[in-house]
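K.L.:
Quick one: this structure, given as structure tokens, is what I'll be asking you about.
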Amino acid sequence: MLNDVSTSLEDIQEEFLKLVYKETILIGHSLENDLLALKVSHDLVIDTAVLYKHPRGGSYKTALRVLSRKFLSREIQDSCCGHDSIEDARATMELALLKFKNGPDFGSPKQFVRKKLLAVLSESGKTSSFIDDVSIVKRYASGTCHAFPVSSDDEALSRASKEVKNEKVHFVWTQFSEINSYFKNQVDDDEKFNARLAELIAFLTCQNKSSARKGIKCSVPSTLKEILTRTDSRIHKLYSHLPVNSMLIVFTGQGDTATIHRLRKMLTEESKTEICREKLIKVLEELQAQAEVGLCFVGIKH
């Protein structure tokens, strides 16, 4: 069958690497088989065989044709001539998009469905208050909790300070988002974004020449220092309103995701820029690594 084929594995690998960059996200079904056949390693993979868990769990995987029939109402791989790679790719992409649209529990067997924290608290007989931006409240607040949409950190602090004093409420959630808004505004301003990007590249370049690399550490602008000071003050004020024996949990969440999203968009759309692609990828990798690291502080008020 392959007697007259002159294309080598190296030729295929070369063509593959012309299409797939280091930051490209591959979407497929049981992709490990394809990558092993190509003898290619790739880090950013979304595999529908993993996204859609098999009812038996473990290492079992549901066939693509079964997923297509169940969730897309479409029969595939029913030809006697073998698989149609385009048909398989389309089905896989549609299945992945369904998962993105409907959430991680979509299509999962009941034993794998994760419950929201507020729902778990409600089932345990605990009352919750959820204080956040209106879009987040709509997304996460359950019907059994007290939902309070707010439009600023000061408003969030004011409402949270009242709720923590309510003896009938066992759990209060709120978020101070001024820091996140600051990063978003920096990204939306081309001049500020380019200045930050240049600073990040400069730090990376300096660190590449040093044997002791400790990640990107840039100077903190005065505006950001003021925001951090205000955030610290709000946390102190909230703590002062807590009843004795209350637990306060403070966590940082993700890092500078706004810059990460813009860098990804630049690389995906191949936006015109004087900065070489390799440097952009390096900055993106460093920022992504930092964004994955968070801090959590837990304390009991005595």
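K.L.:
Net charge around Ser142, counting only other residues with Cβ within less than 13 Å of its Cβ (Lys, Arg = +1; Asp, Glu = -1)? Present the calculation step by step, with values, prior to reporting the outcome.
P.N.:
On the way: positive: Lys115, Lys116, Lys126, Lys138, Arg139; negative: Glu123.
Cβ neighbours under 13 Å give a net charge of +4.
K.L.:
Something else: Taking only DSSP H segments of four or more residues, each worth -39500 (n - 2.57), what value at 222 nm results for the chain once the sum is divided by all its residues, to the nearest 500 deg cm²/dmol?
P.N.:
Numbers: 13 runs with 148 residues, N = 302.
Calculated mean residue ellipticity at 222 nm is -15000 deg cm²/dmol.
K.L.:
Antiparallel versus total DSSP beta bridges in the chain: what percent is that, nearest 5? Before the final figure, lay out each step's value.
P.N.:
Working: 6 of 17 bridges.
Of the beta bridges lying entirely in the chain, close to 35 percent run antiparallel.
K.L.:
³J(HN,Hα) across the stretch 276-291 via Karplus (A = 6.51, B = -1.76, C = 1.60, θ = phi - 60°), whole Hz, x for Gly/Pro?
P.N.:
With the stated coefficients, the stretch 276-291 comes to 5, 4, 4, 5, 4, 5, 5, 5, 4, 4, 5, 5, 5, 5, 6, 5 Hz.
K.L.:
Under a 5 Å amide H to amide H cut-off, with H placed in plane at 1.01 Å, what residues pair with Gln77 once short-range neighbours are removed?
P.N.:
Counting only residues 5 or more places away or on other chains, the set is Asp84.
K.L.:
Moving on. Can you work out ³J(HN,Hα) from phi for every residue in the stretch 122-127, in order, using Karplus 6.51 cos²θ - 1.76 cosθ + 1.60 and θ = phi - 60°, giving whole Hz and x for Gly and Pro?
P.N.:
5, 5, 8, x, 9, 9
K.L.:
Same structure again: If you average the alpha carbon positions of the stretch 57-81 and of the stretch 264-285, how far apart do those two centres end up, in angstrom?
P.N.:
37 Å
K.L.:
Among all the lysines, which ones have a C-alpha under 21 Å from Lys99's C-alpha, if same-chain residues fewer than 8 places away are not counted?
P.N.:
Lys53, Lys61, Lys70, Lys110, Lys115, Lys116, Lys138
K.L.:
OK, next. Please list, in order along the stretch 21-26, the HN-Hα scalar couplings obtained from phi with the Karplus expression 6.51 cos²θ - 1.76 cosθ + 1.60 (θ = phi - 60°), rounded to whole Hz, x for Gly and Pro.
P.N.:
8, 4, 8, 6, 9, 8
K.L.:
For the pair Ala202/His54, report the inter-label distance in nm, with labels modelled 7 Å from Cα in the Cβ direction.
P.N.:
5.5 nm
K.L.:
If you don't mind, another one. Net charge around Asn245, counting only other residues with Cβ within less than 13 Å of its Cβ (Lys, Arg = +1; Asp, Glu = -1)?
P.N.:
Numbers: positive: Lys301; negative: Glu167.
For residues surrounding Asn245, the net value is 0.
K.L.:
I've got another one for you. Provide the net charge surrounding Asn166, with neighbours chosen by a C-beta distance below 15 Å and charges set as Lys +1, Arg +1, Asp -1, Glu -1. Walk me through the intermediate numbers first.
P.N.:
Numbers: positive: Lys126, Arg159, Lys162, Lys165, Lys168; negative: Glu163, Glu167.
Result for the neighbourhood of Asn166: +3.
K.L.:
Something else: For Ala147, which sequence-distant residues (separation of 5 or more, or a different chain) have an amide H within less than 5 Å of its own amide H, given hydrogens modelled in the peptide plane?
P.N.:
The list, which skips near neighbours in sequence, is Phe130.
K.L.:
Which one is right for this structure if P(r) over Cα pairs in 20 Å bins from 0, in percent is calculated from it: (1) 23, 48, 27, 3, 0; (2) 32, 60, 7; (3) 27, 51, 19, 2, 0?
P.N.:
Read-out from the structure maps to (1).
K.L.:
Given H placed 1.01 Å from N in the peptide plane, which residues other than close sequence neighbours of Ile27 have an amide H under 5 Å from its amide H?
P.N.:
Ile46
K.L.:
With +1 on the Cβ of every Lys and Arg and -1 on the Cβ of every Asp and Glu, and nothing else charged, how large is the dipole of the chain about its Cα centre, in debye rounded to the nearest 20?
P.N.:
On the way: 43 positive and 41 negative charges, 306 e Å.
Dipole about the Cα centre, nearest 20: 1460 debye.
Laboratory data are not the source of any read-out in this text; all were calculated from the coordinates shown. None of these values were measured; they are calculated from a predicted model. Counting neighbours? That spans all protein chains shown, and the Cβs are built from the backbone with ideal geometry, glycine included.
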